[in-house]
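**Q** Structure below; questions to follow.
The values are calculated or read from the model by the stated rules, or taken from the named source; none is laboratory data. Model, not experiment: these values are computed from the prediction. For neighbour counting, all protein chains shown are included, and Cβ atoms are generated from backbone atoms with ideal geometry for every residue, glycine included. Just so you know, the surface numbers come from the protein's heavy atoms only, side chains and all, with ligands and any DNA or RNA stripped out. Shrake-Rupley method; radii C 1.70, N 1.55, O 1.52, S 1.80 Å.
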2 protein chains.
Amino acid sequence: MSRILFSGMVLLTMANLMQAADVVVPDVVLGIHGGIGVDKKEMTPELEKEVRAGLKSALEAGHAKLKAGGTSLDAVEAAIRIMEDLPAFNAGKGAVFTNAGTNELDASIMEGKSKKAGAMAGVMTVKNPISGARAVMEKSKHVLLIGPGADAFAKKQGLEIVDPSYFATEPRRKAIEEIWKREAEARKQSSTEPGPALPRKKSEYGTVGAVSLDADGNLAAGTSTGGMTNKMAGRVGDSPIIGAGTYADNEAGAISCTGHGEFFIRYAVSHEIVAQMKYRGLSAADAADDVINRQLKNAGGEGAAIVLDRSGRFTAAYNSEGLYRACITRDGKISVRVYEN
Amino acid sequence: MSRILFSGMVLLTMANLMQAADVVVPDVVLGIHGGIGVDKKEMTPELEKEVRAGLKSALEAGHAKLKAGGTSLDAVEAAIRIMEDLPAFNAGKGAVFTNAGTNELDASIMEGKSKKAGAMAGVMTVKNPISGARAVMEKSKHVLLIGPGADAFAKKQGLEIVDPSYFATEPRRKAIEEIWKREAEARKQSSTEPGPALPRKKSEYGTVGAVSLDADGNLAAGTSTGGMTNKMAGRVGDSPIIGAGTYADNEAGAISCTGHGEFFIRYAVSHEIVAQMKYRGLSAADAADDVINRQLKNAGGEGAAIVLDRSGRFTAAYNSEGLYRACITRDGKISVRVYEN
């Protein structure tokens, strides 16, 4: 599929064109990602099949909401709930472990008309953090709740509460134990405090997200994650931060990010993409390309963003080896991509 | 003092000029705010004197750092530490109470050259949260730490740790007890769950912040707060959110915000000001004016931002009755303002 050019930037050079981020799919009502946790060496055919099937289920669940007259918020929430429930993704069940052996979950959601938003960070008992984020948006005066206060709020709102052990899976436990073993070996070889500089595995960076455009022309975006494997207990990345991991603005687009969250916070990535669309007149593809493939790449920040603009054009930008991404058009046509640009 | 115009916007109309936010003070190396907690009816002469003296001490502490060859980060941290230690400000000692009767503190800091940043949210034992935020930036791989994990990190870094009761002061306790009393009365009169719609006092919105430009031309910004009086335990506002309450970018300016934090998160206020400066070519004053006096005002979000641009021009924008703000020039000239535009 050839890239559709729709850019307000006058001085677009051939160099820009050649490193352009991704295909642009028109007429999309729901786009999702399953994180940059992609490494051809690590990926088994079974896991890849599971992930692709999960993406398809998530799209179908969100699309069903839209077909039934639901809003873009409904579609985003439904799609993300599916991925949260599947252990193949690093969100909800199957979240990675912190350095304290806990699973701490973050999520956020935003809608583009009113710019209302909700988020939860560091929750440990909310089965579907994306629904927790939506409850914060719709049932509280606040935008961001953290820790036990957020868990208590979700319970009070009647959301499904689970024992913290619900989120733990065997593959994620093995992954953290392997890291702790490597850290212990590194400590033996060095008298200095072990740094977090051990080589990272791509699979530590998974996150899920969704962007949607409904029949009323309203955009929404959402993101949910377990964060980075072995993150410090209490560490919060970009996923629950409005403007970093998630943003939606009907004047421009809806965005969900994944990757090395600290960089996404510092560069306010999702809001920066919106700002470049609004104030530089860039297309979603060019704005995402500038932020992900120039700004973040220069800073050493690995990651990706998916963008759905207000006309239903879906695109992704990633500076990682790959990105699980998929979208569904108004008439139900699904496309799933991982590596191919 | 007449406003210095330096705007790249071609179509600047007289209407824009007339609602321009504030004077612009040139040659500033450090600017600070003490929140929008300003209500002529509530303000006693004693408290106003205390606040003005506090702002002056904070400026002098930061200026001393710069004169001794320190960085803009050093100046921001020093100025905010002074205000955190003074009970007159809603940050550190004298922080407001949550609905659970606790004091939960948030802070963030960012520097404009590397765009490195650090933040803490929901800490209860770190005497100076702004120093905690700086430690996250400089001594961890993370940007944002929350809750007990953040407290533990600060302790490990050798920062001053206090008993949670250190932050509580008698006036703040009286304020929360008065709110609880009003809530209980409202409950008696109504069978529905008490909403948070009780009339707010301006003094519930205090927050402190600083922006600085050092001799190397590097900008920095920081913000520290106890949040909103009677906030839900676990609620986090814009102060510790990079892009919302705090941002610094050497290409544009350094910003610190105060006000109704939920709106500042949804509009990514500090990053939006930077984006309008970079991509619309607006001056700091015009960018801040657009965000605070148009976008936020239309949305019903009360608050303010101070901005220091890369040329040392300091300005503020506020849609509230007043804003405690002050700045110091390279040669030590101090100006303090509260209401006058």
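**Q** Given the conditions (1) away from every other protein chain (no Cβ under 11 Å); (2) surrounded by fewer than 24 Cβ atoms within 10 Å (Cβ to Cβ), report the number of the one that residue A:285 does not fulfil.
**A** (2)
**Q** Something else: Of all residues in the range A:138-188, which are outside any helix (DSSP H, G or I), touching a Lys or Arg at 6+ places or on another chain (Cβ under 9 Å) and open to solvent by 50 Å² or more (accessible area, probe 1.4 Å)?
**A** Going through the range A:138-188, the residues outside any helix (DSSP H, G or I) turn out to be A:140-146, A:157-163, A:168-169.
Next cut, touching a Lys or Arg at 6+ places or on another chain (Cβ under 9 Å) only: A:140-146, A:157, A:159-162, A:168-169.
Result: A:141, A:157, A:160, A:161.
**Q** Applying the selection to the range A:243-258, what residues are open to solvent by less than 10 Å² (accessible area, probe 1.4 Å), in contact (Cβ under 8 Å) with a residue 60 or more places away in the chain and either in contact with a Pro (Cβ under 7 Å, 6 or more places away or on another chain) or not small (Gly, Ala, Ser) (or both)?
**A** A:246, A:247, A:249, A:258
**Q** Another question, then. Kindly check whether there is at least one residue in the range B:48-70 that is within 20 Å of residue B:231 (Cβ to Cβ), surrounded by fewer than 23 Cβ atoms within 10 Å (Cβ to Cβ) and either aliphatic (A, V, I, L, M) or in contact (Cβ under 8 Å) with a residue 12 or more places away in the chain (or both).
**A** Applying the first criterion (within 20 Å of residue B:231 (Cβ to Cβ)) to the range B:48-70 yields none.
No: zero hits.
**Q** Another question, then. Quick check on the range A:250-274: of everything there that is over 17 Å from residue B:279 (Cα atoms) and in a loop (DSSP other than H, G, I, E, B), which residue is nearest to the other protein chains (Cβ to nearest Cβ)?
**A** A:260
**Q** How many residues does the range B:54-85 contain that are within 22 Å of residue B:37 (Cα to Cα) and either hydroxyl-bearing (Ser, Thr, Tyr) or modelled with pLDDT under 95 (or both)?
**A** 1
**Q** Moving on. Quick one: which residue in A:308, A:296, A:323 is closer than 13 Å to residue A:267 by Cβ, open to solvent by less than 10 Å² (accessible area, probe 1.4 Å) and not β-branched (Val, Ile, Thr)?
**A** The conditions single out A:296.
**Q** Further question on the same structure: Looking only at the range B:311-334, which residues are assigned to a strand (DSSP E or B) and under 18 Å from the mean Cα position of the chain (by Cα)?
**A** Once the filter is applied, which keeps residues that are assigned to a strand (DSSP E or B) and under 18 Å from the mean Cα position of the chain (by Cα), the range B:311-334 yields B:314, B:315, B:316, B:317, B:318, B:325, B:326, B:327, B:328.
**Q** Can you give me the number of residues within the range B:151-182 that are closer than 30 Å to residue A:244 by Cα and within 20 Å of the chain's Cα centre (by Cα)?
**A** 0
**Q** Still on this model: Any idea which of (1) within 11 Å of chain B (Cβ to nearest Cβ); (2) at pLDDT 95 or above is the one residue A:100 doesn't satisfy?
**A** All conditions pass for residue A:100, except number (2).
**Q** Give the range B:238-249 a look and list any residue that's at the interface with another protein chain (Cβ under 7 Å from one of its Cβ atoms) and not in a strand (DSSP E or B), or say none.
**A** Within the range B:238-249, B:241, B:243, B:244 meet the criteria.
**Q** Does the range B:259-268 contain at least one residue that is open to solvent by less than 10 Å² (accessible area, probe 1.4 Å), hydroxyl-bearing (Ser, Thr, Tyr) and within 19 Å of residue B:227 (Cβ to Cβ)?
**A** no
**Q** Could I ask something else about it? Every residue in the range A:122-176 that is among the acidic types (Asp, Glu) and within 14 Å of chain B (Cβ to nearest Cβ), please. Break it down stepwise before answering.
**A** The initial filter retains those residues of the range A:122-176 that are among the acidic types (Asp, Glu), namely A:138, A:151, A:160, A:163, A:170.
Hits for the range A:122-176 are A:138, A:151.
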